[in-house]
Amino acid sequence: MDKMNFGLIGVGVMGQNLALNIERNGFSVAVYDRALDKVNEFTKGKASGKRIIGATSIESFLQQLERPRRIVLLVNAGKPVDDVIDGLRPQLGKGDIIIDGGNSFFLDTERRAADLEKHGIFFVGSGVSGGEEGALKGPSLMPGGAKEAYDIISPVLTKIAAHVNGEPCCTYIGPRGAGHYVKMVHNGIEYAIMQLICETYDILKTGYGLPAPEIAKIFDKWNQTELNSYLFEITSKVLNKIDDVTHKPLVDFILDTAEQKGTGKWTSQNAFDLGTPIPTINAAVESRMLSSFKDQRVKASRILRGPDAHPAEKEESMINEVRDALHASIIASYSQGMALMQAASAEYKYDLKVDQIAAIWRGGCIIRAKILEEIRQAYRRNPSLQNMMTDDYFSGTLNKLQAPWRRTVQIASGAGIPVLAMSASLSYYDAYRRERLPANLLQGQRDFFGAHTYRRIDKEGIFHTKWEE
């Protein structure tokens, strides 16, 4: 029997779809899962008649693979990944490759790569974005690890990835944990944009009294413009969905508590470690936390007063200003994510190519959007661009949008509508464009109580003042 080209461990929906994708693109696949019933159900069901075979043990799974063995893990991040690696390692040989396709923390990937390297085994941490549909039809892939390993697996990865204008949404990201780092930042940006969309929905619903189907039409209209994106597309579909029981918009009956799996939090924590501001992403994480305080919010709604506001009269010009505010906030979100990756590239010696990352995010992934081509072009024009807001295209756009952006945030605040992410985006823009910030007073305060010293604008040197006799 011929050996199989690829192995896959973890036969959940994502694993099944990725196996089908690999097979459809001309490669044979062996699959294994500790839950053998899943393997049996898959091979006799969706995989029936295809070049996909199941294994009943790790030993038989490995025996079915050609060398060097190329094995994708699609299991839960954390200990499950370590457990699978521990089971594989004694039976793998020099040059074999393990590819972690889950949302693993990048420092865990660094540790695993270093450990396996001692045994001559390659470890590739690959971000995979696109959900179940992407896994089947073509995801965005962000593989990091040894370049030698990438060269071996790239013929498969570049075929199964999504393609935009004939270009695969897959490229070599960088060494060690670079792939999972970039996926982490991708998810942070995803958090930010989703929160901005939700705040925009709240402004239109609460501030202007629009029902969900009408808001769906607005997002659908915006999606035909430069704001075109997957997240706008699904927002319109969610808002349009009618509940089978009540025959009213389903979104109005969904409990307002959002969950999270941790990648957004990791992005925020790492940004603090690197000293890189990402306030929109942080606000998105905090907004999800606040949403989980449902019981407290219900009690507080009966105690804490807001403005005596009523829905404003809907005017087309005002709706357009909300759109402009969302547009500007999205630019700020991407700016923060790209700047964070540049800081990480220097700190961890990843040598990240931001233009290439923007390119592979154009298709397959959750944050795929028309704006990514402009981001790609901005970093191609200037690879050392410190912040994409200062690129001619984006600075021109933000300068044009900043007035309606401000008015929208003011209207939301006046109506008592929380816009943590949108206001954080605007403040980020304002802080970044200011030649002088009030940190001079802050340094004076620090020197007062802790003799932390300060510098002056009119002379060189480090100074300390005795602030009171």
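The values are calculated or read from the model by the stated rules, or taken from the named source; none is laboratory data. Please read all numbers here as calculations on a predicted model, not as lab measurements. Glycine also receives a Cβ, built like all others from the backbone with ideal geometry; neighbour counts cover every protein chain displayed. Heads up: the accessible areas ignore ligands, DNA and RNA and are worked out on the full protein's heavy atoms, side chains in. Shrake-Rupley method; radii C 1.70, N 1.55, O 1.52, S 1.80 Å.
With a cut-off of 8 Å between alpha carbons and a minimum separation of six or more residues, what is the relative contact order of the stretch 56-128 in percent? Numbers along the way, then the final one.
Numbers: 93 pairs, mean separation 24.2, N = 73.
Once divided by the residue count of the stretch 56-128, the mean separation gives 33 percent.
Shown for the chain are the DSSP H helices of 27 Å or more along their axis, judged by Cα atoms, with a mean Kyte-Doolittle hydropathy of at least -1.0: 178-202, 316-348, 392-414. Packing here is the average count of other Cβ atoms within 10 Å per residue, and on that basis the peptides 322-331, 93-102, highest first, run 322-331, 93-102. Beta bridges from DSSP with both residues in the chain: antiparallel share about 30 percent, rounded to the nearest 5. Based on alpha carbons, the Rg and Dmax found for the stretch 203-286 are 16.4, 50 Å.
What chymotrypsin sites (Phe, Trp or Tyr not before Pro) does the stretch 283-354 have in DSSP loop regions with at most 12 other beta carbons within 10 Å? Display every interim value, and only then the final one.
Numbers: sites: Phe293, Tyr334, Tyr348, Tyr350; in loops: Phe293, Tyr350.
Answer by residue number: Phe293.
Per residue, the accessible area of the stretch 356-413 comes to 43 Å² when a 1.4 Å probe rolls over the protein heavy atoms. If R0 is taken as 45 Å, the Cβ-Cβ distance between Gln63 and Gln260 corresponds to a FRET efficiency of 0.65.
Apply 1/(1 + (r/R0)^6) to the Cβ-Cβ distance of Ala114 and Gln356, taking R0 = 30 Å, and write down the FRET efficiency to the nearest 0.05. Numbers along the way, then the final one.
Details: r = 25 Å, r/R0 = 0.84.
The calculated FRET efficiency here is 0.75.
Under the convention that each Lys and Arg Cβ holds +1 and each Asp and Glu Cβ holds -1, the size of the dipole of the stretch 280-417 around its Cα centre is about 380 debye. Overall, the accessible surface of the chain at a probe of 1.4 angstrom is composed of carbon and sulfur to the extent of 52 percent.
How big is the Rg/Rh ratio for the chain, C-alpha atoms only, Rh by Kirkwood, two decimals?
Working: Rg = 24.9 Å, Rh = 24.4 Å.
For the chain, the value is 1.02.
The protection proxy used here, the mean number of other Cβ atoms lying within 10 Å of each residue, ranks peptides 448-458, 118-128, 160-170 as follows, highest first: 118-128, 160-170, 448-458.
Remark: the Cα gyration tensor places the stretch 346-445 in the oblate category, a/c being 1.5 or greater and a/b not exceeding b/c.
Specify whether the C-alpha gyration tensor of the stretch 93-220 places it in the rounded, prolate or oblate class, a ≥ b ≥ c being the square roots of the eigenvalues: rounded for a/c under 1.5, otherwise prolate if a/b is larger than b/c and oblate if not. All intermediate terms of the calculation are to be shown ahead of the outcome.
Details: a/c = 4.02, a/b = 2.25, b/c = 1.78.
The shape class here is prolate.
Using bins of 5 Å that start at zero, the share of Cα-Cα pairs per bin across the stretch 276-379 amounts to 2, 10, 12, 14, 16, 14, 11, 8, 7, 4, 1, in whole %. Taking Cα centre as origin and charging only the Cβ of basic (Lys, Arg, +1) and acidic (Asp, Glu, -1) residues, the dipole magnitude of the stretch 117-239 rounds to 200 debye.
Full extension of the segment from Leu441 to Trp467, taken as 0.36 nm per residue of separation minus the current Cα-Cα distance, would add 8.1 nm.
Tell me the per residue accessible area of the stretch 52-168 using a 1.4 Å probe; a whole number in Å² is fine.
On the way: 4760 Å² over 117 residues.
For the stretch 52-168, the solvent-accessible area averages 41 Å² per residue.
Once you order the gyration tensor axes a ≥ b ≥ c over the Cα atoms, which shape class does the stretch 270-335 get: rounded for a/c under 1.5, otherwise prolate or oblate by comparing a/b with b/c? Oblate shape, in that a/c is at least 1.5 and b/c is the bigger or equal ratio.
Cβ-Cβ distance of Ala403 and His247, R₀ of 56 Å, FRET efficiency by 1/(1 + (r/R0)^6): the value works out to about 0.85.
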